[in-house]
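These notes concern the structure reproduced below.
The values are calculated or read from the model by the stated rules, or taken from the named source; none is laboratory data. Because the structure is a prediction, the values reported are computed rather than measured. Positions of Cβ are backbone-derived with ideal geometry, glycine not excepted, and every protein chain shown enters the neighbour counts. To get the accessible areas, we keep the full protein, side chains included, count just its heavy atoms, and leave off ligands, DNA and RNA. Shrake-Rupley method; radii C 1.70, N 1.55, O 1.52, S 1.80 Å.
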Amino acid sequence: MALHIQIFGAPGSGKSTMRSRLFYELKKRQLKVEEVVEVAKDDTYNERYLDLSDQIQLFGKQHHPHFILENIVDYIVTDSPPIIGITYMNKDLPYYEELKTLMVKTDKSYKTLNYFLNRNHEYQEFGRNQTEKESDEKAEEVKQFLRDNNIEFTEVKSGKKFIKKVLKDLG
């Protein structure tokens, strides 16, 4: 059973950069690790905004690699935990609560180590669908969602301290 190292954070907080760096550090230590990248970023770059609004599809696409790798590797590092999509979903949809329940149950079925990455650098709008203000609001929304659903996480600033913290937590 893999340990899913999940990096939460607002858009532009450095999740992809930290995922990449952490993946490198774990590979360098000869650990059995794979990375799962953010599916939604591809839709953003290809301007498939309608696909971004379909959180059922995104959840499936983001979750599938976790499902496949679960019993193959020891560690899975992701900058887009499958559960994060619920914070981007329209709460007025008739199936919102059911999908949220499914996402939370799925997340809790895995062994996870969760980090919330706080941005400590200038916001870069390239490759994002949010302004800096919207990103900051999303950060608070994601943290509140995690708290409301009893999903434990550690807050860490983006950068070298994040990598050191995860490596220390892994022992």
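Please enumerate the residues belonging to segment 18-42 that are at pLDDT below 95 and under 17 Å from residue 6 (Cβ atoms).
Those that are at pLDDT below 95 and under 17 Å from residue 6 (Cβ atoms): 37, 38, 39, 40, 41.
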- Members of segment 139-157 that are assigned to a helix (DSSP H, G or I), open to solvent by less than 30 Å² (accessible area, probe 1.4 Å) and more than 14 Å from residue 83 (Cα to Cα): 139
- Note on the structure: Within segment 118-138, the count of residues that are outside any helix (DSSP H, G or I) and either β-branched (Val, Ile, Thr) or farther than 19 Å from residue 157 by Cβ (or both) comes to 7
- May I ask you to list the residues in segment 27-42 that are under 18 Å from the mean Cα position of the chain (by Cα), not in a strand (DSSP E or B) and not small (Gly, Ala, Ser)? 37, 38, 39, 41, 42
- Item | In segment 57-89, the residues that are modelled with pLDDT under 90 and open to solvent by 60 Å² or more (accessible area, probe 1.4 Å) | 57, 88
- Message: So, in segment 104-128, exactly how many residues are surrounded by 15 or more Cβ atoms within 10 Å (Cβ to Cβ) and either over 16 Å from the mean Cα position of the chain (by Cα) or not hydrophobic (A, V, I, L, M, F, W, C) (or both)?
- Response: 10
- Item | Meets criteria (touching a residue at least 12 places away in the same chain (Cβ under 8 Å) and under 16 Å from the mean Cα position of the chain (by Cα)) for residue 72 | no
